[in-house]
Amino acid sequence: MTRSESSSICPPSASATPDTLTALQLHALFDILTHYGTYSEVECFKNPDAISKYGYPFASSIEGASEPVIKKESSVPLLATLLRAIVLPVPGVRDLPTDFWPLEFQGIMTKFGEANLSESYDKGSLGSRKTLATAASVIHEAVSRGLIGGLPKGSPRDLNGHYDRSKAQDLVRAWEDVLHELVYGSLVETLFDRIAEKPDIEGHSLAVQTAVDYIILHLATFMHHVFVLSPEGSYLLQMVASVHKMVPYSAIKQTFRIGNAASMINGITKLLLAKMSIGGLTNWLGLTQNADDGMNLLQRIISLVLSWDMAEFRKTAERIEKAKGGPSKVHIAVIKKYVAKSREEHLRIRNISIKRSESIIATIFNHSRRGLVESLSKEQHEQCLEYLSTLLAIRDRDEIIKILCKQNPDLFTQAVRDFIGSFEPMIRAVHQNIDLREHVSAAESFLTDLIETSKAKDSPVAISSTLTTETTIETRAPSIEDYVGLIRRHKQSAYNFFHQVAKNCPDIKGEFLEYCKKTLAQFRQQPEQQPLPSAIPSSDSSSQAIDTKLRKGAAGSLSADIQSLFTALPTQVKPDVLAAADAHAAYLSSLEDLSLKRMQHILNDMTLTAPTISSLSEAATATTTTSSSLRDKFSLSASSPFGSRAPSRRNSNSNNVNSNKKASMCGPGMFLSRWQSLMDETLITPQVPTGGQVRRGKDVKGVIAQAKTTVGSSAVVAGSNTDGNGNGAAWDSAALTRLVEKEVPEPPDVQVVVKMMGSGFGEVVERRMLERIEVVI
């Protein structure tokens, strides 16, 4: 659906603008405000003073105050609501020392803000930080909507009813039913009891089994999007692989052999955090003060991985500096000088570049010396853009190393030490009752399998070009089914761990059960805050064409507040807001429908097996075998595409896929499209010195720095991934992304809603946060 078509659903008319919003419009406005509000709050942490305006549990810098003050109010209410309602009450986290949040964590975040890390605009591409930040924002906003809007209460669900696990609609229905019973029923208690009795929760009911299928599909789709479709995927995978190789799993397992819990914890702490250096010794003896005391194991891993990365970028910089016919020494010197300038100067140059629609390089040169831009050829200009991107990447990594590994005082080490200390009672209980070595081995095995799964296939597989055509292409890229198999191969290890903790550590089980019950209660809609009686689906034909099933609750607990915000708008603005709301409602409906079709497409292409439910129950009673044999026995129920145990992807070209079926490159999840839209809207410098247009993230899909390495290869072609053996490009992530997005509707322009209602919505969220969540300062 095009933007113009979406906007035509409800043409604005100033003379006939209704004052009462429909359920669809309320839900659309709620979605817009949380989506852009959350990302706006995330972006503000680029500034060093943002954390001081966060409010509890962080300290606020108040002019004239003798010491920092912790305030209940927050400038980022969406982020603060989730932190206060879900994170801070976690057992262990709630026992952190009083200095952890306002001194150690806040100190690290402030340093990151002061570091002036680079922007995608200057680098000309969407980097790893942008990719991960937008992903975190989209996940955060989904949880925030549940917290502040609440889940509508309905009649009790029959979790043992009929659910066809080969149908996408039944997977969605099972997920909604399980959520409802977790929030309003007693499902959380029965699941805790179930995992304490047997190493499996899927035997609880058919609804829970089907909901687990739903979760697996979405997790697999998310992992596939990060490691396969994202141009940064191969780079992120290389970082994971580098860290994985450096973690001393054998030493950790040997330390867990120590019988005394206190000695074991002390051993782990020393292994990870002990520093051995001359500076550390002289500081301890009192001969020196604040001398560089070296790095501990965690810091050395971080430093080495980033240093290896920097070495590749330096090679790229040297290549450009020495290139025949490349930029002159004057051009190189000006770029170096710009990189070293302050945040304010970078922001000023960036704003001028945007205003004039000229490349960031042209703006830098024009404000340094006349004639520098005119002397550049097209090739030299492109080399200058790459050189700037490379220097910024080097500086970013150097700043991260300074903050986490070379800071004095060492806030990072103290924060990790305090974090371990707050969980010490739990670690003692777990160590006394559970052999943790097998679980460390399970974690190591999962990461090894993740890296192996994310490599190129041994031979190409066919994939559908779209959901609606029979045209196919071949690729060696891992499919979503491969990641489904990965999760299925290792989920039993997670079940085994939770089973042993719940069975052998009843105190820990009780603490987390109480925490889950209180946290899930936060997602309930209060009776006095149910949707407005007027917030019902519109009766006009255009609105009835949109499926309202998943949005019948409008904006939940915030329906009345959003209605009030709309009512208070100037009359001349209301038609534009309504048009944006209607267009966004149609957009959400299209995404919902597409997500369902993609889920069904994967279910159709996965191998069907039919073990009986009784065999599942019998298998669940066998708890004395090894984790691998348990995975073999825990086959799933009838009519489930997840029923057969998948072999390793590297040993099979069609993991969970029939030879005559096609692999899937697109999966379910509306959040993926919202995530992509945030990246697509990111501003990118024009590609030409003058006369160009400021690009967006969607214009540079597949663009990646030449110096970014991949597993098994020292360099990567833009937008491509290697096969892990140094044999060159195995798949083009940019081409796959374009293929996946063929059927994704274009998001409508809803900035009028953000502009006119964003500020008021933030005040509403902050007021609700202060009313619902008590904090002790």
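Computed from the coordinates by the stated procedures, all read-outs in this text should not be read as laboratory data. Please read all numbers here as calculations on a predicted model, not as lab measurements. Cβ coordinates were reconstructed from backbone atoms using ideal geometry, including for glycine residues, and neighbour counts include every protein chain displayed.
For the residue pair LYS378 and ALA340, what label-to-label distance in nm results when each label sits 7 Å from Cα along the Cα-to-beta-carbon direction?
Here the modelled spin labels are 3.4 nm apart.
Show me, for the stretch 393-406, the HN-Hα J-couplings you get by feeding each phi into the Karplus relation (A = 6.51, B = -1.76, C = 1.60, θ = phi - 60°), rounded to Hz, glycine and proline as x.
5, 4, 4, 4, 5, 5, 5, 5, 4, 4, 5, 8, 10, 10
In what order do TYR163, TYR515, TYR495 fall by count of nearby beta-carbon atoms within 10 Å, going from fewest to most?
Values: TYR163 24, TYR515 17, TYR495 21.
Starting with the residue having the fewest Cβ neighbours, the order is TYR515, TYR495, TYR163.
Kindly provide the Kirkwood hydrodynamic radius of the stretch 189-264 in Å, to one decimal, from all pairs of distinct alpha carbon atoms.
Kirkwood hydrodynamic radius for the stretch 189-264: 16.4 Å.
Take the Cβ-Cβ distance between LYS402 and GLU763 as r, set R0 to 45 Å, and report the resulting FRET efficiency rounded to the nearest 0.05.
Between LYS402 and GLU763 the formula returns 0.75.
Run the paramagnetic zone check for ALA323: 7 angstrom along Cα to Cβ, then residues of the stretch 345-372 with backbone nitrogen under 11 Å.
No residue passes the distance filter.
I'd like the FRET efficiency for LYS245 and ARG696, computed as 1/(1 + (r/R0)^6) with the beta carbon distance as r and R0 of 51 Å, rounded to 0.05.
The value I calculate is 0.85.
In which sequence would LEU187, LEU486, LEU29, LEU770 go, from the one with the fewest C-beta neighbours within 10 Å to the one with the most?
LEU770, LEU187, LEU486, LEU29
Say each of ALA442 and ALA274 gets a label point 7 Å from the Cα, pointing the same way as Cα to Cβ; how far apart are those two points in nm?
Result for the modelled spin labels: 3.0 nm.
Provide the gained length on full extension for the span ILE420 to ASN433, in nm with one decimal, where the gain is 0.36 nm per separating residue minus the Cα-Cα distance. Please report the intermediate quantities before stating the final value.
On the way: separation 13, 0.36 × 13 = 4.68 nm, distance 1.87 nm.
Once the chain is fully extended between ILE420 and ASN433, it gains 2.8 nm.
May I ask for the distance between the Cα centers of the stretch 389-457 and the stretch 335-353, given as a whole number of Å?
If we compute the Cα centre of each part, the gap is 34 Å.
7 Å from Cα along Cα→Cβ at both HIS162 and GLU681: what's the point-to-point distance in nm?
4.3
Just rank LYS337, LYS503, LYS329, fewest to most, by other beta-carbon atoms within 10 angstrom.
LYS329, LYS337, LYS503
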